[in-house]
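See below for the structure under consideration.
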Amino acid sequence: MIPRLTFLGGVGTVTGSKYLLEVEGLRVLVDCGLFQGFKQLRLRNWAPLPVDPESIDVVVLTHAHLDHSGYLPLLVKKGFSGPVLTTQSTRDLCGLLLPDSGYLQEKDAEYANRHGFSKHHPALPLYTAEDALVSLTYFSPVAFRSWQRISERVSIRFQPAGHILGAAIVEVHCDDRRIVFSGDLGRPGSATMVDPTPIKQADYLLVESTYGNRRHEEQDPQDELEEIINRTAARGGTILIPSFAVGRAQSLLYHLERLKAAKRIVDLPVFLDSPMAIHASEIFCGDGGEHKLTLRQRRQACGVAEYVREVEDSKALDQDSMPKIIISASGMATGGRVLHHLKHYARDPKNTILFTGFQAGGTRGASMTEGAESVKIHGGYVPVRAEVVNLQMLSAHADADQIMDWLKNFEKPPKTTFITHGEPAAADALRHRIEEELDWTCQVPDYRDQVELA
Ligand SMILES: [Zn+2]
């Protein structure tokens, strides 16, 4: 029987990644992500999965981000009971992210019930923190670089992707075919992450295209941070950094520590004010994982900040008028402790609100970086008079040129390259480039498309 691939997410969007590979009755689901963002996408999380979860034998996760892992608790709740293969660090990070996701789903449902705006009575969470904890018991961590047999005819291997801690490119070998899933590709030359592993061989390739139509700025993030921090400090202001808790917060700590060590920035106190970012930093400073930095460098980086664990201490930061640097979540200011800091700091032109990456449409981060004069927080309008900057070069994704460079490692063209994990314009731009520059056969699949991998 010819292996068959079905695209159940991560096509036409960067969210909901789910690719079902069927070989001789074996069903492998590569990634199990939540749809996020626009409502018509999020509704797909509630529709029954087009394949019976009970019939799936194995789940393989490329990395811990929720758009790749966040559907797993529901898959388990609906009957999946096989192993979930990941790297150790992905397992550790999912241990943080999945229960937190369940907790937020519960809060949303409670909120909808209190305000009575849900069509469903009572509104139910997609899954709970408890469901997430149950799903974690199915995880089975696998080492990078070694082949893992999952059936008589199918083996898989994880290779470092350099995107976030634990992130992997997945190679699947079945009979004489090699199928490669790029996962999310990191940026070569990053200060904190390893480069994406060059892969030489694939009969079929799925490649991400988040930035398939864009090129990152080339400035050194430390140069930019230095300027922003010093000019804010010269005004006597505070730098508030809404940051993604996993990955981005740790890169920021590294850059801040280096700048302080070189005495390039004013010696302001740094606070890491997010329980999730603190836990992620503790994992980052642990022994495991595939790191570019040594254990000593990582511990030094995390040592630059004071960890703020309690909510009262977080609120106390705003009472003290001393200039400081606060790193807090969430990264797009959609929730979390950063909101009460925004209420306090956004109104004063002395301060800087420093965003650190892609801001999805409809978020406070997007409206502030587009120059909004006020934002709504907890039901009230907060004037935005602080300087607002977005440091996009801290992105954890390869840009179009870097994806092209990674593709050039393949010794011969795959039979088909599927362009996934991108908004339609980005995916199509990358398809065009691969066809033009490499002369490969490409396809931009649609949701629920099925292809035979002959
Ligand atoms: Zn990711």
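The values are calculated or read from the model by the stated rules, or taken from the named source; none is laboratory data. As the structure is a computational prediction, the values presented were derived from the model and not from experiment. Cβ atoms come from the backbone with ideal geometry, glycine included; neighbour counts cover every protein chain shown. Each accessible area value is taken on the protein alone, full model and side chains, heavy atoms only, with ligands, DNA and RNA left out. Shrake-Rupley method; radii C 1.70, N 1.55, O 1.52, S 1.80 Å.
General observations
- Selected residue (only one of Ala425, Ala396 is open to solvent by less than 30 Å² (accessible area, probe 1.4 Å) and either out of contact with any strand residue (DSSP E or B) (no Cβ under 7 Å at 6 or more places or on another chain) or not charged (D, E, K, R) (or both)): Ala396
- Test: residue in the range 219-232 that is within 16 Å of the ligand (Cβ to nearest atom) and open to solvent by less than 30 Å² (accessible area, probe 1.4 Å): no
- Taking the criterion of being farther than 21 Å from Ala64 by Cβ and part of a loop (DSSP other than H, G, I, E, B), the residues of the range 174-187 that qualify are Asp175, Asp176.
- Residue list for the range 54-73, restricted to those being within 21 Å of Val172 (Cα to Cα) and either more than 16 Å from the ligand (Cβ to nearest atom) or not assigned by TED's automatic domain parsing to the domain that holds Leu136 (or both): Ser55, Ile56, Asp57, Val58, Val59
- Subset of the range 360-412 that is of a type in the set (Phe, Trp, Tyr) and in the same structural domain as Thr13 (by TED's automatic domain parsing) - its residue that is nearest to Leu252 (Cα to Cα): Trp406
- Residue pairs whose Cβ atoms lie under 9 Å apart, separated by 6 or more positions or on different chains, with the first residue in the range 289-307 and at pLDDT 95 or above and the second hydrophobic (A, V, I, L, M, F, W, C) and open to solvent by 50 Å² or more (accessible area, probe 1.4 Å), are Gln300/Ala261; Val304/Ala261.
- Among the residues of the range 290-312, those that are buried (at least 20 other Cβ atoms within 10 Å of the Cβ) and assigned to a loop (DSSP other than H, G, I, E, B) comprise Glu290, Val304, Val308.
- The set of residues in the range 46-73 that are open to solvent by 10 Å² or more (accessible area, probe 1.4 Å) and part of a helix (DSSP H, G or I) comprises Pro53, Glu54, Ser55, Leu66, Asp67.
- Residue in the range 189-207 that is away from the ligand (no atom under 16 Å from the Cβ), touching a Ser or Thr at 6+ places or on another chain (Cβ under 6 Å) and within 29 Å of Glu24 (Cβ to Cβ) present: yes
- Qualifying residue in the range 134-143 (condition: more than 30 Å from Met1 (Cα to Cα) and open to solvent by less than 50 Å² (accessible area, probe 1.4 Å)): yes
- Inclusion of Pro445 among residues that are under 25 Å from Gln36 (Cα atoms), modelled with pLDDT of 95 or more and in a loop (DSSP other than H, G, I, E, B) is warranted.
- For the range 345-352, the count of residues that are assigned to a strand (DSSP E or B) and surrounded by 16 or more Cβ atoms within 10 Å (Cβ to Cβ) is at least one.
- Take the conditions (1) out of contact with any helix residue (DSSP H, G or I) (no Cβ under 6 Å at 6 or more places or on another chain); (2) open to solvent by 50 Å² or more (accessible area, probe 1.4 Å); Val266 misses just one of them, which is (1).
- A single member of Gly361, Gly365, Gly380, Gly371 is surrounded by fewer than 18 Cβ atoms within 10 Å (Cβ to Cβ) and either within 16 Å of the ligand (Cβ to nearest atom) or within 22 Å of Gln36 (Cα to Cα) (or both), and it is Gly361.
- Only a single criterion out of (1) modelled with pLDDT under 95; (2) closer than 30 Å to Val451 by Cα; (3) open to solvent by 30 Å² or more (accessible area, probe 1.4 Å); (4) aliphatic (A, V, I, L, M) is not satisfied by Met332, namely (2).
Here's the yes/no breakdown for (1) surrounded by 24 or more Cβ atoms within 10 Å (Cβ to Cβ); (2) modelled with pLDDT under 95; (3) assigned to a loop (DSSP other than H, G, I, E, B); (4) more than 16 Å from the ligand (Cβ to nearest atom):
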position: Val11; (1), (2), (3), (4): yes, yes, yes, no
position: Arg27; (1), (2), (3), (4): no, no, no, yes
position: Gln36; (1), (2), (3), (4): no, yes, yes, no
position: Gln40; (1), (2), (3), (4): no, yes, no, yes
position: Arg44; (1), (2), (3), (4): no, yes, no, yes
position: Gly82; (1), (2), (3), (4): no, no, yes, yes
position: Cys94; (1), (2), (3), (4): yes, no, no, no
position: Pro99; (1), (2), (3), (4): no, no, no, yes
position: Glu106; (1), (2), (3), (4): no, yes, no, yes
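- Scanning the range 219-226 turns up no residue that is part of a loop (DSSP other than H, G, I, E, B) and modelled with pLDDT of 95 or more.
- Residues in the range 435-454 that are under 29 Å from Gly361 (Cα atoms), open to solvent by less than 60 Å² (accessible area, probe 1.4 Å) and touching a residue at least 60 places away in the same chain (Cβ under 8 Å): Val444, Pro445, Asp449.
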